[in-house]
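Here is the structure we will look at.
The values are calculated or read from the model by the stated rules, or taken from the named source; none is laboratory data. Keep in mind that what you see is a predicted model, and the values were worked out from it rather than measured. As a convention, Cβ positions derive from the backbone with ideal geometry for all residues, glycine included, and neighbour counts pool all protein chains shown. Heads up: the accessible areas ignore ligands, DNA and RNA and are worked out on the full protein's heavy atoms, side chains in. Shrake-Rupley method; radii C 1.70, N 1.55, O 1.52, S 1.80 Å.
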Amino acid sequence: MSPSTPVHEDKRSPMLALGILSISFLMSVSNAVSGTIPLMEKYFSDVSRANVELLIVIPTGGVLLGTVISGLVSNLLGKKYTVIAGLSISLVFGIIPAFIFNYPAILISRAMFGVGMGIFTPLSVSYITDLFPEETRNRLLGWRNSVGAIGDSIMLFIAGFLINISWHTTYLVFLFLLVPILLVMFFVPKHYDNIVSEDGKEVEEDVKVKPTTNFGVIQLAFIFLLVCLFYSAISLKLASYVVNNHIGSAAAATRIFGFLVLCSIFSGLIFEKIAKWFGKYTVTIFYIITAISMIVMSFTTSIPVLLVLVLAAGFCNGIINPALTARMVHYSPKGSMNFTTSVIIIGINIGFLIAPYFFQFFGEMIGNAGPANMILWSGIFYVLLAVYDLVVVKKDKLTI
């Protein structure tokens, strides 16, 4: 980088921030094609329902593989071209089901779609944590959650139109990934690949440093795993709770979930202010609010009250995630942020993957696997997370 390049001025460019945030546009958006399951079941009449559903969830396994190799790819290509490569892989393999109607080919393409996600997702965090000072970093980490929620909304909206044509056409929704590819290509300079911010000053990172990890990173990954696991009680159990207890219909529960996207956008936008107000107790406080919401939720028989409680839990989750992500800066060894992010993402995906089996096992262990009981116990586990967080904040001298 030329000495005359105004690094700070460049970093304050809205287009640079937009380019970096666009990497997070595809966070959980593979669910945009979930609506194709009934149509694919009819098309693949000789394939079991479980194997058809596998086409929707198999990207999660691909994400785990892609996350593992992300660091290796980044060492070879650098950050910018790794992001572009990952997005391109997801785009190409994402649209294959629109043109090839063979089950094994679609299964492989969906897995590779996830591999592409796993390759670029760690860099969506490390770009922010490496390039920006704390105040700006907290703002962008909050916005990153909002961008993911906006991505969900846009892709689901487009998929809703495409599915009326055919289930094959629905997969063309992933052509939208051209947008972040172009934004990264034109607005994220290559010379930021090895630049990091330390106390507000930019220094060139030693690319020869071998990425490593430590107990703090592993601990944080495990906390992410638990948060995702317990929060999954809402998405996995609430609809059954509503229907089984004659509180409302499955459609009513679905409408409640629909408001969560807007909730995630809002919490992401104000995360920076929340972090300033509550400082190092941000995570603890929002653990407690989540716990109260879920515990009360398990006894509620009113749809409007359930809506308020679910939105409260969703808002808290939108604060907890970027707050925990900000802690990666504290724990990550020098020159290892991409590897640290990969470890965290693996923890997150494992949490979501094991959630159904955990609730089944835990329910059998305590003799009551009912939806309300699982939501109640998840709230109790959040209380334990809050207690543990107080210990960690004091022991590790965290600022958020």
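Annotation for the range 11-115: trypsin sites (Lys or Arg not before Pro) lying in DSSP loop with at most 15 further Cβ atoms inside 10 Å of their Cβ are R12.
A simple rule links phi to the HN-Hα coupling: the Karplus curve 6.51 cos²θ - 1.76 cosθ + 1.60 with θ = phi - 60°, which for the range 125-141 gives 8, 5, 4, 5, 5, 7, 9, 10, x, 3, 4, 5, 4, 4, 4, 6, 5 Hz, with x for Gly and Pro. Of E135, E41, the order by accessible heavy-atom surface (1.4 Å probe, DNA, RNA and ligands excluded), from most exposed downward, is E135, E41.
So, R0 is 25 Å and r is the distance between the beta-carbons of S13 and L178; what FRET efficiency does that work out to, to 0.05? Walk me through the numbers on the way to the answer.
Working: r = 22 Å, r/R0 = 0.87.
Efficiency at R0 = 25 Å is approximately 0.70.
Taking every Cα-Cα distance in the range 338-400 and sorting them into 10 Å bins starting at zero, the pair-distance distribution P(r) comes out as 18, 32, 36, 14, 0 percent. The phi-based Karplus calculation (6.51 cos²θ - 1.76 cosθ + 1.60; θ = phi - 60°) puts the 3J(HN,Hα) values of the range 178-193 at 4, 5, x, 4, 5, 5, 5, 4, 9, 10, 10, x, 5, 6, 8, 4 Hz, whole numbers, x for Gly and Pro. Approximating the spin labels as points 7 Å out from Cα along Cα→Cβ, the F362-to-F161 distance works out to 4.2 nm. If you sort the three axes of the alpha carbon gyration tensor as a ≥ b ≥ c, you get a/c of 1.5 or more for the range 97-176 and a/b no higher than b/c, which makes it oblate.
Between L390 and I354, what FRET efficiency comes out of the Förster formula 1/(1 + (r/R0)^6) with R0 = 35 Å and r the beta carbon distance, rounded to 0.05?
On the way: r = 26 Å, r/R0 = 0.75.
Efficiency, from the Cβ-Cβ distance: 0.85.
The phi torsions of the range 267-275, fed into the Karplus equation with coefficients 6.51, -1.76 and 1.60 and a -60° offset, translate into couplings of 5, x, 5, 9, 4, 4, 5, 4, 5 Hz, rounded to whole numbers, with Gly and Pro shown as x. Highest mobility in the GNM of the chain, judged by mean-square fluctuation with C-alpha springs under 10 Å and restricted to V383, V243, V63, is found for V243. Overall, the accessible surface of the chain at a probe of 1.4 angstrom is composed of carbon and sulfur to the extent of 69 percent. Judged by the mean number of other Cβ atoms found within 10 Å, the most tightly packed of the peptides 293-301, 344-352, 317-325 leads the ranking 317-325, 344-352, 293-301. In the context of the full set of protein chains, residues of the range 269-351 present 37 Å² of accessible surface per residue (probe radius 1.4 Å, heavy atoms only).
Ranked by solvent-accessible area (1.4 Å probe, protein heavy atoms only, all chains present), the residues M337, M112 order from largest to smallest as M112, M337. Loop-located trypsin sites (Lys or Arg not before Pro) across the range 349-400 with a Cβ neighbour count of 14 or fewer within 10 Å are K397, with loop assigned by DSSP.
Taking N138, N194, N368 as the candidate residues, the one with maximal mean-square fluctuation in a Gaussian network model of the chain, Cα springs under 10 Å, is N368.
Given their separation in residues at 0.36 nm each and the Cα-Cα distance between them, N194 and L72 gain 42.4 nm when the chain is fully extended. Which residues does a label at V47 reach in the range 164-190, if reach means a backbone N under 15 Å from a point 7 Å past the Cα toward the Cβ? Only 167-171 pass the distance filter. Scanning residues 5 or more positions from R327 or on other chains, none has an amide H under 5 Å from its amide H, with H placed 1.01 Å from N in the peptide plane. Residues considered: K190, K210, K237. Largest GNM mean-square fluctuation over the chain, using C-alpha springs under 10 Å, is found at K210.
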